[in-house]
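Asks: Here you go, one structure.
Every read-out reported here was derived from the displayed coordinates using simple, explicitly stated rules and does not represent laboratory data. The shown structure was predicted, so the numbers you read here are calculated from the model rather than taken from an experiment. Glycine also receives a Cβ, built like all others from the backbone with ideal geometry; neighbour counts cover every protein chain displayed.
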Amino acid sequence: MSSAASKTSTMSESGGPYRVMVVDDSAIIRGFLCRYLSEDPDIEVVTTANNGLVALRQLASNDIEVVVLDIEMPEMDGLTALPKMIEQVPDLQVVMASTLTRKNAEVSLRSLQMGAVDYVPKPETARSVNANIDFRRELVDKVKAWASRRRKKRGEDLPASTPTAGASASTTAAGHAARTVSARSVSAPSGFVTARRPAVPVTVASVRTAAKEDPIKDVPHQQNIKLRTGSFRRPKILVIGSSTGGPQALMKFFAGFKKPPAVPVLITQHMPATFTAILAEHLAQATGWPSQEAREGMEVKAGEIYVAPGGRHMEVRDDGGIKRVKLTDEPPENFCRPAVDPLFRSVSALYGENVLAVILTGMGHDGLKGARELTRAGATVLAQDEASSVVWGMPGAVATAGLCTEVLPINELGAATATRLQGGVG
């Protein structure tokens, strides 16, 4: 391991900005990426590189936390450089940046299996990069989310400008300090039960909200997670919402299943077009179940996975007793399309208490309103816990609102979901 990888950073210990390297063969694109990142006070672009070879040399001589890595470059491309970077710095957070082509979407998702933590779909031209506000927001948010997660694991301070930097979990209500919430289902006749686990204090987490002026603004929430009793009906459909860190979480989630579910599985993952089709293919390979990007009017069948296509909301409609996919071009919700809320609302109306919903890692609070409707209809909502989430925004929002029956680590959540799919009355 290089000296840069092994040394302890005084900047991170004192809450300095996240240290980033940008790797792209286009000087214009590098300039845009550096500008967007540097405009955030929590980020410092330490160095840049125009190919993988230069990036490896820079990594050896600089203390880097996050790399934004292009795929197609001369001399050494991103996919070749990726494993070499991780060998140098095992906990390096690498975010792949690629244009929206099927080939690059495939490479980006394959890179997640090789050690990259995330991807950002890069607009096709320098002009569109400069004009794309959503891309700028996603780039900055993902860099900060993964850098924050790395520091939490190391026990290092977050940047000084972060509201909770330097504060402990006991003194800051909406802190980002590493905290564990592993709330488990507790039987109760009705209503709520307080989640308790001996020797592990349950404290509030940072929860993101989609306010118009700041879509990921931190807001304080209640101190204790309270769990509600779930439905005693056997689920007839499984719906899942996820965002940042979702592709990896989905793979771990489905690894908890020993056999295909006896219900349809519908997934809304915040992703652009092209990427969602590739995700469906990867899920098919990982699970061995039929999995596809959803198409308008297709019948939803038990044991099959349907992924909402990028750029369109996915719902379920009744067609003479046959449940079919409905795709819409309605405006984005929670700054997202596809969004989780439309899916949750539609299945709430059709299936009521026979819905099992799961919220995985992600920024914002997409799924919160839909989860409220589901619980009013008597459905069951499960969520990923904070410790295993990249960003405990979406799952944290439903957990702290008292809408969940279980809040579990991702390595336990799949098995718990599979068990619930087999139980209950018809």
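Asks: Peptides 42-54, 58-70: what's the order by average Cβ count within 10 Å, highest mean first?
Replies: Per-residue Cβ counts within 10 Å, averaged per peptide and sorted highest first, yield 58-70, 42-54.
Asks: Lys and Arg at +1, Asp and Glu at -1: add these up for the other residues within a Cβ distance under 11 Å of V23 and post the number.
Replies: Taking every other residue near V23 into account, the sum is -3.
Asks: May I pose another question? Amide H neighbours of S388 under 5 Å, at least 5 residues apart or on other chains, H built in the peptide plane: list them.
Replies: I410
Asks: In nm, what is the difference between 0.36 nm times the number of residues separating A349 and E75 and their Cα-Cα distance? Provide the component values of the computation, followed by the final result.
Replies: On the way: separation 274, 0.36 × 274 = 98.64 nm, distance 5.53 nm.
Length difference between fully extended and current span is 93.1 nm.
Asks: From the C-alpha coordinates alone, can you work out the Kirkwood hydrodynamic radius of the stretch 275-426, in Å?
Replies: 16.0 Å
Asks: Arrange I133, I359 by Cβ neighbour counts within 10 Å, fewest through most, would you?
Replies: Lowest to highest Cβ neighbour count: I133, I359.
Asks: Would you mind checking which residues have amide H under 5 Å from T99's amide H? H placed 1.01 Å from N; only 5 or more apart, or other chain.
Replies: The list, which skips near neighbours in sequence, is K122.
Asks: Skipping prolines and chain starts, which residues have an amide H placed within reach, meaning under 5 Å, of the one on Y119, given they are 5 or more residues away or on another chain?
Replies: Result for Y119 returns M96.
Asks: Along the stretch 406-417, what does the Karplus equation 6.51 cos²θ - 1.76 cosθ + 1.60 (θ = phi - 60°) give for ³J(HN,Hα), rounded to whole Hz, x for Gly and Pro?
Replies: 9, 10, 10, x, 4, 6, 10, 5, x, 5, 5, 5
Asks: What does a probe at A262 reach in the stretch 292-330, counting residues whose amide N is under 12 Å from the point 7 Å along Cα→Cβ?
Replies: Answer for this model: 303.
Asks: If the only charges are +1 at each Lys and Arg Cβ and -1 at each Asp and Glu Cβ, what is the size of the charge dipole of the stretch 192-422 around the Cα centre, to the nearest 20 debye?
Replies: 700 debye
Asks: Can I ask one more? If the chain between T328 and S38 were fully stretched, how many nm would it gain, using 0.36 nm times the residue separation less the Cα-Cα distance?
Replies: This chain segment gains 100.7 nm when fully extended.
Asks: Residue by residue, what Karplus-based ³J(HN,Hα) values in Hz, rounded to whole numbers, does the stretch 22-31 have, using 6.51, -1.76 and 1.60 with θ = phi - 60° and x for Gly and Pro?
Replies: 10, 10, 7, 6, 8, 4, 5, 5, 4, x
Asks: Starting from the 7 Å offset along Cα-to-Cβ, what nm value, one decimal, do you get for the label separation of R102 and A415?
Replies: Calculated label separation equals 3.9 nm.
Asks: Summing Lys, Arg as +1 and Asp, Glu as -1, what charge do residues with Cβ under 12 Å from the Cβ of G230 carry, G230 excluded? If you can, show how the numbers build up before the last one.
Replies: Numbers: positive: R228, R233, R234, R420; negative: E353, E406.
Counting the neighbours of G230, the net charge comes to +2.
Asks: Using 0.36 nm per residue, how much length does the chain from K84 to A60 gain when fully extended, once their Cα-Cα distance is taken away?
Replies: Fully extending the segment from K84 to A60 adds 7.5 nm.
Asks: Below 15 Å, Cα to Cα, which aspartates and glutamates can K122 reach? Residues fewer than 8 away in the same chain don't count.
Replies: Output for K122: D24, D25, D70, E72, E106, D134, E138, D141.
Asks: Using the structure shown, select from K258/K369; K142/K226; K226/K301; K259/K301 the pairs with a Cα to Cα distance greater than 24 angstrom.
Replies: Checking Cα-Cα distances, K258/K369; K142/K226; K226/K301 exceed 24 Å.
Asks: I need the calculated FRET efficiency for the pair R317 and Q113, taking r as the beta carbon distance and R₀ as 45 Å, to the nearest 0.05. Don't skip to the end; give the middle numbers.
Replies: Details: r = 35 Å, r/R0 = 0.78.
Calculated value: 0.80.
Asks: Within the set of other residues whose C-beta is less than 9 Å from the C-beta of V325, count the net charge using Lys and Arg as +1 and Asp and Glu as -1.
Replies: After counting each charged neighbour, the total is +2.
Asks: Using alpha carbon centroids, what distance separates the stretch 232-262 and the stretch 368-387, in Å?
Replies: 14 Å
Asks: Highest first, please rank the peptides 301-310, 86-95 by the mean number of other Cβ atoms sitting within 10 Å of their residues.
Replies: 301-310, 86-95
Asks: Would you mind getting me the FRET efficiency between E281 and F232? Use the beta-carbon distance for r and R0 = 60 Å, nearest 0.05.
Replies: Details: r = 36 Å, r/R0 = 0.61.
With R0 = 60 Å, the Cβ-Cβ based efficiency is 0.95.
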